[in-house]
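Peer 1: Here it is, the structure in full.
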Amino acid sequence: MSRALQPDEELVELDAEAVRTWCARALDALGREREEIDAINVYPVADGDTGTNLYLTAEAALQAVEAVSAASAPDTAETVRAMAHGALLGARGNSGTILAQLLRGMAAVLAEGRDGDHLARALAEAASAARQAVAHPVEGTVLTVAAAAAAGCAGGGTLLEVATRAHDAARTALEATPGQLAVLGRAGVVDAGGRGLVAVLGALVETVGGRTPDPAGTAPGAVRVLGDVRAVPAGSPPTCDGEAGPAYEVIYLLEAEDAAVDRLRARLDALGDSLVVVGGDGLWNVHVHVDDAGAAVEAGVDAGRPHRIRITHFGADAAAAKPSGRSGRSEPSGPSGAGPGERARRAVVAVVPGEGLAGLCAEAGATTVRSRPGEPPADDELLEAIRRAHAREVVLLPNDTELRRTAAAAAERARAEGIRVALIPTRAAVQGIAALAVHEPDRRFDEDVVAMTAAAGATRYAELAVAERRSFTSAGVCQAGDVLGLIEGDVAVIGKDLTETARTVLDRMLSAGGELVTLVVADDTPPGLAPDLEGHVRRGYLAVDTTTYHAGAGAPPLLIGVE
């Protein structure tokens, strides 16, 4: 994080550390206001998730900036490009997609200069780019607030002058949104996306000037009632009588040429509304509300290669948010929900190498069993872990090909004791992590097992090891000390350097496609390995994200998962 500014001190240039600080403060601001922004979300759909979507988009931007900062000493241009690229990959919902385009528009200008004049130009370019990305721009939304921010700082000045004027103009524009958009006026709220943008600009003022902007008049997002103002309780969405819209929200990343995207816009515009397409240079984020979700996805397939397809049914979302009103005995959803002496409804037992992964899986609610080199757990140890989970239903993740028979024996013994056990034949820890990530204890047991099995099966895995002796492998003869790259259990690469071998293994795995790379590093792995591989993926594979976990001691040097 950049150094703290002294009183009456301000930044002259927006350097890489300042961009990093801005991203972090924007995320903090959106985190503080997330629930209140969710509560005033009535347009374009009153689904109460605008604050959450903005937060997740900003989080993706910060993660990308942190990754590039860890790998090297980036300049401002590299940092703002990473910020924009991360937001593009992680954009959620209508509001998050527009925020991603705003950041992308800013990055194009800030890569050329770091002073206040460039910041003013960047805000103007951001407002223009965001408006162009929306098929049918509507006044009284975040687009209006962005345009006002850009107009407010036209003419340039110092960084602090530009940021402050942009923030003040955005606040003023936000307060006017209920009079510009009827659905906001009826609900008595300001635009939720616009309020999020004001929070992001406030974080910018704090970054370049060292102080939080002074409140000016009514707090953004307040509800107007007969000229008075009252706060919106978090989690209490205002009522509105807007017309029912399409049933589904469809979002996906798309690798496609510009001409194909132009045709896609026209096709999706005819299918639904709230169409936003952002990006460029071959990678796009597509957002649309439709009744025919399949047709929207098919349009993406025809245009290029869609990734990370997310389809949300608005009605199902609303139903899930409401209390069920069911009577009768409720069941706890997991070990933490069980009272003294009660069995929880469901638990997961996972075999893991290394203390770090044990902690990670435990945080996700799993009961863990340590697997040490040369000391695999016996069926008695697995059975004891199943008992210790104290649940009526248990999902068992052995995370090792060699443990399949042992795990099957433990599962059979547990079933004889009346415990319902499903064994998912995960062959590596990265498959277990993927399965645990989609685990939902509140859904039916069979459905949960199917989802976890599918997630594990969709994860290809690799491991790096150091040869202990000269031996023959499927990739040739290796010598003691050679680095072995094993893909799906077979030696595929023999190298001398851990980093070079890991890059080769990654390239081979990603040649078959992938959207997410998971890296699990041990304590004795060189500290620069993970950042180097993250940078390698970021430079060579536009639509692929990376996630890194630390396995701790006793784990292989590197585990790789590709989903």
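Peer 1: Consider THR459 carefully, then state whether it is of a type in the set (S, T, N, Q), open to solvent by less than 40 Å² (accessible area, probe 1.4 Å), within 18 Å of ASN399 (Cβ to Cβ) and at pLDDT 90 or above. Let's see the steps before the verdict.
Peer 2: On the way: of a type in the set (S, T, N, Q): yes; open to solvent by less than 40 Å² (accessible area, probe 1.4 Å): yes; within 18 Å of ASN399 (Cβ to Cβ): yes; at pLDDT 90 or above: yes.
Yes; evaluated as a whole, the condition is true for this residue.
Peer 1: Ok, one more. When you go through (1) farther than 23 Å from LEU357 by Cα; (2) in contact with a helix residue (DSSP H, G or I) (Cβ under 7 Å, 6 or more places away or on another chain); (3) in contact (Cβ under 8 Å) with a residue 60 or more places away in the chain one by one for ASP442, which number turns out not to apply?
Peer 2: Here ASP442 meets the rest and fails (2).
Peer 1: Which one is nearest to ILE98 (Cα to Cα), of the residues in region 126-181 that are of a type in the set (Ser, Thr, Tyr), open to solvent by less than 40 Å² (accessible area, probe 1.4 Å) and assigned to a helix (DSSP H, G or I)?
Peer 2: Taking region 126-181 as the starting set, the residues that turn out to be of a type in the set (Ser, Thr, Tyr) are 128, 141, 144, 158, 164, 172, 177.
This time we only want the ones that are open to solvent by less than 40 Å² (accessible area, probe 1.4 Å), so: 141, 144, 177.
With the extra rule that they be assigned to a helix (DSSP H, G or I), the set shrinks to 144, 177.
Values: THR144: 12, THR177: 17 Å.
The residue in question is THR144.
Peer 1: Residues that are of a type outside the set (A, V, I, L, M, F, W, C), farther than 21 Å from ASN399 by Cβ and loosely packed, with under 15 Cβ neighbours inside 10 Å: does region 537-556 have at least one? Break it down stepwise before answering.
Peer 2: Looking only at region 537-556, we keep the residues that are of a type outside the set (A, V, I, L, M, F, W, C), and these are 538-541, 545-550, 552, 554, 556.
Going one step further and asking which of them are farther than 21 Å from ASN399 by Cβ, we end up with 538-541, 545.
Within this subset, residues satisfying the condition of being loosely packed, with under 15 Cβ neighbours inside 10 Å are 539-540.
The answer is yes, given that some residue of region 537-556 is of a type outside the set (A, V, I, L, M, F, W, C), farther than 21 Å from ASN399 by Cβ and loosely packed, with under 15 Cβ neighbours inside 10 Å.
Each row is one residue, and each column tells you yes or no for (1) under 22 Å from ARG92 (Cα atoms); (2) surrounded by fewer than 17 Cβ atoms within 10 Å (Cβ to Cβ); (3) at pLDDT 90 or above; (4) not charged (D, E, K, R).
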| position | (1), (2), (3), (4) |
| --- | --- |
| VAL190 | yes, no, yes, yes |
| ALA203 | yes, no, yes, yes |
| THR212 | no, yes, no, yes |
| ALA216 | no, yes, no, yes |
| GLU249 | yes, no, no, no |
| VAL261 | yes, no, yes, yes |
| LEU264 | yes, no, yes, yes |
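Peer 1: If you don't mind, there's one more thing I want to ask. Output the residues belonging to region 93-110 that are of a type in the set (Gly, Ala, Ser) and either closer than 15 Å to GLY194 by Cβ or open to solvent by 30 Å² or more (accessible area, probe 1.4 Å) (or both).
Peer 2: Residues of region 93-110 that are of a type in the set (Gly, Ala, Ser), as a first pass: 93, 95-96, 100, 105, 107-108.
Correct list: GLY93, SER95, GLY96, ALA108.
Peer 1: Next question. Could you tell me how many of the residues in region 67-82 are under 14 Å from GLY528 (Cα atoms) and assigned to a helix (DSSP H, G or I)?
Peer 2: 5
Peer 1: Is it true that some residue in region 111-119 is crowded, with 24+ Cβ neighbours inside 10 Å and either without any contact (Cβ under 8 Å) to a residue 40 or more places away in the chain or in contact with a strand residue (DSSP E or B) (Cβ under 9 Å, 6 or more places away or on another chain) (or both)?
Peer 2: No, region 111-119 contains no residue that is crowded, with 24+ Cβ neighbours inside 10 Å and either without any contact (Cβ under 8 Å) to a residue 40 or more places away in the chain or in contact with a strand residue (DSSP E or B) (Cβ under 9 Å, 6 or more places away or on another chain) (or both).
Peer 1: Output the residue which, of all residues in region 43-54 that are buried (at least 24 other Cβ atoms within 10 Å of the Cβ) and hydroxyl-bearing (Ser, Thr, Tyr), is modelled with the highest pLDDT.
Peer 2: Step by step, filter region 43-54, then rank; the result is THR50.
The values are calculated or read from the model by the stated rules, or taken from the named source; none is laboratory data. On a predicted model such as this, the values are computed, not experimentally measured, just so you know. With ideal geometry, Cβ positions are generated from the backbone for all residues, glycine too; neighbour counts draw on all protein chains shown. Ligands, DNA and RNA are excluded from the accessible area calculation, which covers all protein heavy atoms including side chains. Shrake-Rupley method; radii C 1.70, N 1.55, O 1.52, S 1.80 Å.
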